[in-house]
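The values are calculated or read from the model by the stated rules, or taken from the named source; none is laboratory data. Owing to the predicted nature of the structure, the values given are computational and were not obtained by experimental measurement. Positions of Cβ are generated from backbone atoms using ideal geometry, with glycine treated the same way; all protein chains shown enter the neighbour counts. Protein only, heavy atoms only, side chains kept; ligands, DNA and RNA dropped before computing areas. Shrake-Rupley method; radii C 1.70, N 1.55, O 1.52, S 1.80 Å.
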Amino acid sequence: MKKNLLWMLAACMLAMVTVSCSNDDNYVEEPTGPRLENGKVVMGSGASRAEIAYVPANMDELPEWLQEDILTETAQGVGYLLCEGTWDGQHAYFFWHGFSSTLGVFISDENVCLALYGGNPNDPEFIEKGGGWDNWTCLALHYPIGKEAEESEEAEE
């Protein structure tokens, strides 16, 4: 009985080793979260990579409702990204935070949702109504998750 149990245990261990092995030699991990690179905020990677000019804003100059949103997200310890630009001819903000179920939201000065961002910088609606990321400026970035957070905080200082 013990002999059979040992053989079965050995067979299970061998099966686990062969199933759990994978080839990671060609895997290159590209960061996808917002991060600072060469004085610009970068989101995504590959074909969905977007670079946004980074000009930190004075929080006191932002609308009160937006300050509250940012302070709430900061208090929770999640990352956030705030950009400013034009959406469909009107001044707007783009806001993303780590607990968001979307990739971000475009909001009017009056705190009205104008559109949700799907994550594709080449999306025709985004280019038509938002002008693409070249026409937007990042006002605030806080990304405390992992290695990118350390690099972002060092670059901000």
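A search for C-beta distances below 6 Å between a residue of segment 105-127 that is modelled with pLDDT of 90 or more and any residue that is open to solvent by less than 80 Å² (accessible area, probe 1.4 Å) and in a loop (DSSP other than H, G, I, E, B), counting only pairs 6+ apart in sequence or on different chains, returns Leu116/Thr102.
Considering each of Leu81, Leu71, Leu66 in turn, give the residue that is part of a helix (DSSP H, G or I) and open to solvent by less than 20 Å² (accessible area, probe 1.4 Å). Step through it out loud before you land on a result.
Working: Leu81 fails: part of a helix (DSSP H, G or I); Leu71 fails: open to solvent by less than 20 Å² (accessible area, probe 1.4 Å).
Testing whether each residue is part of a helix (DSSP H, G or I) and open to solvent by less than 20 Å² (accessible area, probe 1.4 Å) leaves just Leu66.
Look at segment 74-92 and say how many of its residues are under 21 Å from Val42 (Cα atoms) and free of Cβ contacts under 8 Å to residues at least 40 places away in the same chain.
Just the residues of segment 74-92 that are under 21 Å from Val42 (Cα atoms), to begin with: 74, 77-87, 92.
Cutting the leftovers down to free of Cβ contacts under 8 Å to residues at least 40 places away in the same chain gives us 92.
Counting residues in segment 74-92 that are under 21 Å from Val42 (Cα atoms) and free of Cβ contacts under 8 Å to residues at least 40 places away in the same chain gives 1.
Looking across segment 105-138, the residues that are among the β-branched types (Val, Ile, Thr) and open to solvent by 60 Å² or more (accessible area, probe 1.4 Å) come down to Val112, Ile127.
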